[in-house]
């Protein structure tokens, strides 16, 4: 039941990221930065895609995903359509990875150190959910600033 709830919350929030990306007036706006705002919405979306595919897909779901974290913050040549496609694929990876776990599995140790220490799968999932929402808020704010 807890795994199912996590899947529902993650899916809902990733769909909100997709909606935000879809509301940008043009692809170029996705990659704009200004002053102390150094992360564009496009880079934040790539970062979320990388995080979830690494921490859930590769580490829990045993996918062959190889994270290129530096590209998450340096790439700037993607369309909104491509980001949305990658986000939709990320939802599928998340559903598959968490969907194969039992609630008891959530209390087991996560397969690699997280934050420099051993954590449970649930602790990592909870942290990653807060991380997702932090960046969702940043993307929303970035888009609204640009639409003024």
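The values are calculated or read from the model by the stated rules, or taken from the named source; none is laboratory data. Because the structure is predicted, anything quoted here is derived from the model rather than measured. Every residue, glycine as well, gets a Cβ built from its backbone with ideal geometry; the counts of neighbours run over all protein chains shown.
Tabulated values for the structure
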item	result
Qualifying residue in the stretch 25-48 (condition: closer than 19 Å to residue 4 by Cβ and either modelled with pLDDT of 95 or more or in contact with a helix residue (DSSP H, G or I) (Cβ under 8 Å, 6 or more places away or on another chain) (or both))	no
Candidates 79, 74, 96, filtered to the one that is under 22 Å from residue 8 (Cβ atoms) and surrounded by fewer than 18 Cβ atoms within 10 Å (Cβ to Cβ)	96
Given (1) touching a helix residue (DSSP H, G or I) at 6+ places or on another chain (Cβ under 6 Å); (2) farther than 19 Å from residue 124 by Cβ; (3) part of a helix (DSSP H, G or I), number of the condition residue 93 does not satisfy	(2)
Residues within the stretch 104-148 that are in contact with a strand residue (DSSP E or B) (Cβ under 8 Å, 6 or more places away or on another chain), under 13 Å from residue 60 (Cα atoms) and assigned to a helix (DSSP H, G or I), tallied	3
Residue that is farthest from the chain's Cα centre (by Cα) [pool: residues in the stretch 20-50 that are part of a helix (DSSP H, G or I) and loosely packed, with under 14 Cβ neighbours inside 10 Å]	28
Residue list for the stretch 78-116, filter: over 20 Å from residue 67 (Cβ atoms) and without any contact (Cβ under 8 Å) to a residue 12 or more places away in the chain	81, 104
Top-ranked residue in the stretch 72-87 [being part of a helix (DSSP H, G or I) and out of contact with any helix residue (DSSP H, G or I) (no Cβ under 7 Å at 6 or more places or on another chain); ranked as nearest to residue 132 (Cα to Cα)]	85
Some residue of the stretch 105-121 being over 26 Å from residue 72 (Cα atoms), surrounded by 16 or more Cβ atoms within 10 Å (Cβ to Cβ) and touching a helix residue (DSSP H, G or I) at 6+ places or on another chain (Cβ under 8 Å)	yes
